[in-house]
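A.B. asks: Sending over a structure as structure tokens; questions will come in a sec.
The values are calculated or read from the model by the stated rules, or taken from the named source; none is laboratory data. What you see is a predicted model; the values in this text were computed from it and never measured. Neighbour counts run over all protein chains shown; Cβ positions are idealised from the backbone, glycine included. All accessible areas refer to the heavy atoms of the entire protein, side chains included, with ligands and DNA or RNA removed. Shrake-Rupley method; radii C 1.70, N 1.55, O 1.52, S 1.80 Å.
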Amino acid sequence: MKKEESKKLSEFSLIERIKEFFPNNRDIVKGIGDDCAVIKVGREYYLYTIDNMVEGVHFDISIGMDYSSIGYKAVVRAISDIVAMGGTPHFILISLLMPKGFAKKNFSLLSEGFREAVKQHNLSLIGGDISSSKILTITISAIGRMTSKPVFRSGAKKGDDIYYTGYLGFPRAGLEILKRGIKDKKLNIYIETFLRPTIRTDFGKELTKRGLANSMIDISDGFLGDLSHILEESKVGAILNNRGFDRELFKDLRKYFSEKEIDDFIFNGGDEYELIFTAEEEKSSKIFQLAKKYNIPLHKVGKITEEGLFLIKDSKKIKIIPHSFEHTI
Ligand code: ADP
Ligand code: MG
């Protein structure tokens with residue numbers, strides 16, 4: 001990513017260019033621009049996605065990340081995009097580019113991580129590719145299916161409530177704890193969320209099947225960055241309430257990080273793989289019941305508006321200029 005930045009080509013401007021070069025074919029329900037590409041076969045929707053994990057960009061062994069967590073996380077990151085549309089992940093293909101002399105033991109650990117994720121999420125590994133490269137690169141392609149209509153980033157409507165699942169900022173805090181070499185058992189929860197993210201498959205599926213959400217995305221670039229993708233695709237704005245972002249959960253971190261840093265973890269952290277979705281106001285009680293059924297922390301944090309992005313803090317309305325997080329360890 002650093003190289004891309006120096007050439008003034010951000011990930012998102014590159015995607016925009018590709019999108020212009022390859023406009024959607026009419027057989028495609030959704031092409032470039034959402035969490036997955038969607039193709040309809042008979043009555044069923046097939047969801048396709050692909051994700052890279054590159055050494056030095058998405059993971060770093062030297063800060064204390066272990067190979068089995070890297071394998072596990074690579075799979076979860078890939079299937080998270082299927083969950084973000086309300087689908088069920090079924091199949092994965094794994095491409096492995098390994099440095100020459102990559103230790104057998106490390107390969108076994110990596111594979112153990114793949115296997116753990118495959119088992120836990122009921123997936124089938126149906127293929128892949130192996131070659132060598134200077135740096136370890138794991139690319140995972142995932143395929144999902146669903147019969148109800150997928151939820152797109154583009155469906156948010158003025159007046160919708162904005163929700164997110166789980167806790168924001170935990171994985172980014174985990175990464176910073178590892179990078180700074182902080183040793184404190186109380187902080188293990190943050191590291192664990194960074195190494196082994198939770199995804200909300202059953203909740204996302206039922207939310208979609210029951211037509212409760214108008215738009216949805218998974219958080220990979222940070223809450224504000226990913227909410228902005230919904231806003232852009234839906235051509236709407238949002239107003240957020242600062243009180244919806246719980247800082248109490250970060251009390252053990254205050255010894256090591258400033259309030260400003262913690263706020264940055266929450267709003268721009270990334271790597272969460274939790275869901276952001278929007279829904280009509282009258283669906284609120286059904287949505288909270290569903291979250292309770294699956295035992296999922298759920299937060300309602302704002303409203304979809306006509307345009308702009310604002311945060312209400314101490315009764316003040318602050319304009320937010322979102323910047324999307326680009327991965328660099
Ligand atoms: P996510 O964070 O959900 O994985 P990305 O930000 O990586 O999504 O990608 C956004 C959209 O751009 C997706 O629809 C993705 O398929 C598409 N995209 C990303 N890179 C490319 C590429 N090299 N060629 C075509 N489409 C791409
Ligand atoms: Mg995504």
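A.B. asks: Could you check the range 12-118 for strands (runs of 3 or more DSSP E) lying wholly inside it with 3 or more residues that are within 17 Å of residue 135 (Cα to Cα)?
C.D. replies: Output list reads 44-54, 88-98.
A.B. asks: Could you say which residue among 150, 197, 171 is in a helix (DSSP H, G or I) and within 16 Å of ligand 2 (Cβ to nearest atom)?
C.D. replies: Selected residue: 171, the only one of 150, 197, 171 that is in a helix (DSSP H, G or I) and within 16 Å of ligand 2 (Cβ to nearest atom).
A.B. asks: Follow-up question, since we're still on this one. What's the number of the only condition in (1) within 30 Å of residue 287 (Cα to Cα); (2) within 16 Å of ligand 1 (Cβ to nearest atom); (3) surrounded by 21 or more Cβ atoms within 10 Å (Cβ to Cβ); (4) not acidic (Asp, Glu) that residue 140 fails to meet?
C.D. replies: Here residue 140 meets the rest and fails (1).
A.B. asks: Output the residues belonging to the range 82-109 that are within 30 Å of residue 275 (Cβ to Cβ), of a type outside the set (Val, Ile, Thr) and more than 16 Å from ligand 2 (Cβ to nearest atom).
C.D. replies: 90, 91, 93, 95, 96, 109
A.B. asks: Please specify each residue of the range 42-70 satisfying the condition of being more than 16 Å from ligand 2 (Cβ to nearest atom) and within 16 Å of residue 191 (Cα to Cα).
C.D. replies: The initial filter retains those residues of the range 42-70 that are more than 16 Å from ligand 2 (Cβ to nearest atom), namely 42-46, 54-57, 59-70.
Of everything in the range 42-70, those that are more than 16 Å from ligand 2 (Cβ to nearest atom) and within 16 Å of residue 191 (Cα to Cα) turn out to be 59, 60, 61, 62, 63, 64, 65, 66, 67, 68, 69, 70.
A.B. asks: Consider residue 235 carefully, then state whether it is basic (Lys, Arg) and within 25 Å of residue 191 (Cβ to Cβ).
C.D. replies: No, not satisfied.
A.B. asks: Checking the condition farther than 30 Å from residue 178 by Cα and within 16 Å of ligand 1 (Cβ to nearest atom), which residue from 50, 39 passes?
C.D. replies: 39
Yes/no matrix, rows are residues, columns are (1) more than 30 Å from residue 74 (Cβ to Cβ); (2) open to solvent by less than 80 Å² (accessible area, probe 1.4 Å); (3) assigned to a helix (DSSP H, G or I):
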residue: 267; (1), (2), (3): no, yes, yes
residue: 273; (1), (2), (3): no, yes, no
residue: 276; (1), (2), (3): no, yes, no
residue: 284; (1), (2), (3): yes, yes, yes
residue: 287; (1), (2), (3): yes, yes, yes
residue: 292; (1), (2), (3): yes, no, yes
residue: 296; (1), (2), (3): no, yes, no
residue: 301; (1), (2), (3): no, yes, no
residue: 310; (1), (2), (3): yes, yes, no
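To keep it simple, each residue is scored yes or no on (1) open to solvent by less than 20 Å² (accessible area, probe 1.4 Å); (2) at pLDDT 95 or above; (3) more than 20 Å from residue 218 (Cβ to Cβ).
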| site | (1), (2), (3) |
| --- | --- |
| 9 | no, no, yes |
| 13 | no, no, yes |
| 37 | no, yes, no |
| 57 | no, no, no |
| 61 | no, no, yes |
| 66 | no, yes, yes |
| 74 | yes, yes, no |
| 77 | yes, yes, no |
| 84 | yes, yes, no |
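A.B. asks: What tally of residues in the range 207-233 results from selecting those that are within 15 Å of ligand 1 (Cβ to nearest atom), crowded, with 17+ Cβ neighbours inside 10 Å and not in a loop (DSSP other than H, G, I, E, B)?
C.D. replies: At the first step, the residues of the range 207-233 found to be within 15 Å of ligand 1 (Cβ to nearest atom) are 215-233.
Narrowing the set further to residues that are crowded, with 17+ Cβ neighbours inside 10 Å leaves 215-231, 233.
Narrowing further to those that are not in a loop (DSSP other than H, G, I, E, B): 215-218, 223-231, 233.
The number of residues fulfilling the criteria is 14.
A.B. asks: For the list (1) open to solvent by 20 Å² or more (accessible area, probe 1.4 Å); (2) over 28 Å from residue 290 (Cα atoms), I need the number of the one condition that residue 173 fails.
C.D. replies: Of everything listed in (1) open to solvent by 20 Å² or more (accessible area, probe 1.4 Å); (2) over 28 Å from residue 290 (Cα atoms), residue 173 misses just condition (1).
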